[in-house]
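The values are calculated or read from the model by the stated rules, or taken from the named source; none is laboratory data. As the structure is a prediction and not an experimental result, all values here were calculated from the model. Glycine gets a Cβ as well: all are built from the backbone with ideal geometry, and neighbour counts include every protein chain shown. Ligands, DNA and RNA are excluded from the accessible area calculation, which covers all protein heavy atoms including side chains. Shrake-Rupley method; radii C 1.70, N 1.55, O 1.52, S 1.80 Å.
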Amino acid sequence: MYDDFAGVYDTLMDDYDYDAWSEHYLSLIRDALGEPPARMAECACGTGSLTVRFARKGVNVVGVDLSAAMLRRAEEKARAWGVEAAFVRQDMRRLTLPRRVGAVLATCDGVNYLTTPQDVKAFFSAAYAQLLPGGVLCFDCSSRHKLEDEMGDAFFGEERDGIATLWQNTLNRQTHVLTMDVTFFVREEDGRYRRFREQHRQRAHSAQEICAWLAEAGFEEVHAYGELRRDAPRDDDSRIHYTARRPQEQAFTL
């Protein structure tokens with residue numbers, strides 16, 4: 001999965017304001033820590049659009065993703081931006097870093113791609129173990145409202161910049177898992193279109209579940225925020241941001 005998708009991902013995501021998103025993440029982390037972290041890991045980093053922005057701000061950051069194709073794009077982007085960032089192919093549920101960090105992030109629906117409660121709990125436990133005492137876990141999730149009410153059992157079609165997509169969603173309301181069957185048509189240099197298919201699965205975690213699982217993993221000061229805001233999530237929010245701290249056991253430099 002993602003080998004072909006990596007080549008079109010940035011085109012499909014070109015309407016995202018990564019500058020605003022990266023600044024929001026950094027502000028959430030600064031509020032939790034009192035200062036920017038010296039070291040940070042970004043899970044589900046994809047093609048590195050946020051990673052390079054964190055690196056440009058002077059953060060020592062490692063990008064983690066399960067897709068080798070995505071990571072190749074991320075490495076190319078870091079070179080083009082002239083920034084230093086490490087990229088590692090790794091399952092976020094078994095996150096292992098050479099040194100513990102002041103912040104662990106999971107961006108762009110990374111936690112939604114963990115489709116069972118056990119998977120989410122495994123990631124939270126792994127992130128907790130890789131954080132310095134007092135460190136912060138920060139991530140976003142597409143909300144249950146978005147995945148079930150807006151996207152569930154729906155069909156979408158779009159054409160832009162030489163890429164056409166046909167997107168059929170199927171929602172399992174018992175498990176809250178949304179299966180997305182997407183067919184891509186990508187225009188090649190000779191004008192012909194290449195067709196490929198991807199299947200993506202995301203779970204619509206509720207805010208109550210997320211907060212309970214974070215507490216179960218040992219985190220404290222758990223907060224949920226509306227999309228790019230500092231107040232509580234609303235029923236119609238499409239995305240929710242979360243922060244949670246590992247307890248401060250003793251003095252460490254973050």
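Tabulated data for the structure shown
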| item | result |
| --- | --- |
| Looking only at region 29-40, and only at residues there that are more than 10 Å from VAL136 (Cβ to Cβ) and not in a strand (DSSP E or B), the one that is most open to solvent (accessible area, probe 1.4 Å) | GLU35 |
| Failed criterion for ALA127 (all others in (1) in a strand (DSSP E or B); (2) touching a strand residue (DSSP E or B) at 6+ places or on another chain (Cβ under 6 Å); (3) open to solvent by less than 10 Å² (accessible area, probe 1.4 Å) hold) | (1) |
| Selection within region 169-204 - among the polar types (S, T, N, Q) and part of a strand (DSSP E or B) | ASN169, THR170, ASN172, THR179, THR183, GLN199, GLN202 |
| Given (1) in contact with a Lys or Arg (Cβ under 9 Å, 6 or more places away or on another chain); (2) surrounded by fewer than 17 Cβ atoms within 10 Å (Cβ to Cβ); (3) not hydrophobic (A, V, I, L, M, F, W, C), number of the condition HIS176 does not satisfy | (2) |
| Cβ-Cβ under 6 Å pairs, at least 6 apart or on other chains, region 66-81 side in a loop (DSSP other than H, G, I, E, B), far side open to solvent by 10 Å² or more (accessible area, probe 1.4 Å) | LEU66/ASP91; SER67/TYR2 |
| Criterion violated by ARG229 - all others in (1) over 29 Å from PRO36 (Cβ atoms); (2) in a loop (DSSP other than H, G, I, E, B) satisfied | (1) |
| Subset tally (residues that are open to solvent by less than 50 Å² (accessible area, probe 1.4 Å) and in contact (Cβ under 8 Å) with a residue 40 or more places away in the chain) for region 179-203 | 7 |
| Region 41-77 - residue that is surrounded by fewer than 19 Cβ atoms within 10 Å (Cβ to Cβ), over 17 Å from LEU12 (Cα atoms) and among the hydrophobic types (A, V, I, L, M, F, W, C) and, of those, farthest from the chain's Cα centre (by Cα) | ALA68 |
| Every residue from region 204-254 that is of a type in the set (Ser, Thr, Tyr) and surrounded by fewer than 18 Cβ atoms within 10 Å (Cβ to Cβ) | SER206, SER238, THR253 |
